[in-house]
1. Output the residues belonging to the stretch 37-51 that are exposed (fewer than 12 other Cβ atoms within 10 Å of the Cβ) and touching a residue at least 12 places away in the same chain (Cβ under 8 Å).
2. How many residues are under 13 Å from residue 51 (Cα atoms) and in a loop (DSSP other than H, G, I, E, B) when one looks only at the stretch 67-86?
């Protein structure tokens, strides 16, 4: 093996380790509880969420007391709609 292919191999593994670290950090961010007190804070907190995460959050409490009137969803039209609907649902 020449030095060029060895360098390429090392570079590949370095990039792979960096990507893996970023993914682990992102997964940890999803699991870490965070609080918010205003709709804008919730919107900012959820900026990096995939749109499917909003569906997971909604469906986690849809139908459960005191959210009995809420029905599960398959998708939201967009992020802004998801934030607005979830925010409205959790208001006292």
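Nothing in this text is a laboratory measurement; each read-out follows from the coordinates by a stated rule. Since this is a predicted model, take the numbers as computed values, not measurements. Methodologically, a virtual Cβ is constructed for each residue, glycine included, from the backbone with ideal geometry; neighbour enumeration extends over all protein chains shown.
1. 48
2. Start the filter on the stretch 67-86 by keeping residues that are under 13 Å from residue 51 (Cα atoms), which leaves 73-83, 86.
Narrowing further to those that are in a loop (DSSP other than H, G, I, E, B): 73-78.
The qualifying residues number 6.
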